[in-house]
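To start, the structure under review is shown below, and the notes come after it.
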Amino acid sequence: MIYFKDVVKKYGKTKREHPAALDGVSFDIEPKEFVSLVGESGAGKSTIVKLINKEIEPSSGKIVVGGIEYDNFPKRQIPFLRRKIGIVYQDFKLLPKKNVFENVAYALEVAGFRNKEIKDRVPKILKLVGLTEKEKCYPSEISGGEKQRVAIARALVHQPQILIADEPTGNLDPKNAWEIIDLLLKINGFGTTVLLTTHNKEIVDKLKKRVITLKKGRVLKDQKIGRYIL
């Protein structure tokens, strides 16, 4: 599902200018897996997310996502590739002048979906994330945990094969954080591959799922049932 082989990403021209953000990273995430990607700030987690989403290109190495080889992948096809990938960020990125329903629907509108399909899909996704009764509320009227649920619904509404949750609990209190993790586990249970990046040691240790630990742009450990160890 997600395959990295000897991936290097350099932002500067020389090591002195900027050390490699990724320095020969290899891993293989199978369909339907739930994997936590951990490491200190600057370890390379965000670079991996950007590479998967084709926001940046590797300096060298091989990347395959959902059976698609990224080598020489045409730019015009990137929007179609991204429909296979849903991404949830720490800061929600909701549109303040659109209500919950409209925020989720917008992801389908920009992808060219018809109104009939939008009206069919959005209520189902809002039900999945437990926000049916909040569909007419605006972001300023809901809690942080509910905002993150909207962000997850928006990422899921085009039925991606992969969901990347990039520090999704960073702005949440412990109760809301665990509710979001439980939701991610539920989504994974339906067959979606989930990649979670996090600094939260308690969450990683309690999940008892696979953990890939990064340090200074390299894979330090890859544990099938792992703990947050640096």
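Where a number appears in this text, it was derived from the coordinates with a stated rule and is not lab data. Keep in mind that what you see is a predicted model, and the values were worked out from it rather than measured. Glycine also receives a Cβ, built like all others from the backbone with ideal geometry; neighbour counts cover every protein chain displayed.
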Problem set entry | Computed [θ] at 222 nm, helices only, for the chain once each DSSP H run of length n ≥ 4 contributes -39500 (n - 2.57) | -9500 deg cm²/dmol
For this session: Starting from the Cα-Cα distance between Asp173 and His199, subtract it from 0.36 nm times their residue separation and give me the gain in nm to one decimal.
Result: 7.9 nm
Problem set entry | Cα point-scatterer Debye curve for the chain, base-10 log of I(q)/I(0) at q = 0.12 Å⁻¹ | -0.67
Problem set entry | Relative contact order %, the chain, counting alpha carbon pairs below 8 Å whose residues are six or more apart | 28
Exercise. Applying 1/(1 + (r/R0)^6) with R0 = 25 Å to the Cβ-Cβ distance of Phe80 and Glu33, what FRET efficiency is obtained, to the nearest 0.05?
Worked result: 0.60
For this session: Sticking with the crude label model, points 7 Å out along Cα→Cβ, report the distance from Val8 to Gln223 in nm, one decimal please.
Result: 3.0
Exercise. Using Cα atoms only, what is the angle between the long axis of helix 100-109 and the major principal axis of the chain, expressed in degrees (0 to 90) to the nearest 10?
Worked result: 60
Exercise. What is the sum of charges around Asn176, taking Lys and Arg as +1, Asp and Glu as -1, for the other residues whose C-beta is under 15 Å from the C-beta of Asn176?
Worked result: -3
Seminar exercise, completed: Of all DSSP beta bridges having both residues in the chain, the percent classed as antiparallel (nearest 5) is 50
Problem set entry | Taking the range 132-208 and dividing mean pair separation by its residue count, relative contact order in percent (alpha carbons under 8 Å, at least six apart) | 34
Problem set entry | Selected from Phe190, Ala107, Ser60, residue furthest toward positive end of dipole (the chain; charges at beta carbon) | Ser60
Problem set entry | Simple spin-label estimate for Ser143 and Phe113 in nanometres, 7 Å along Cα-Cβ | 2.7
Exercise. If you count the DSSP beta bridges with both ends in the range 112-230, what percent of them are antiparallel, to the nearest 5?
Worked result: 50
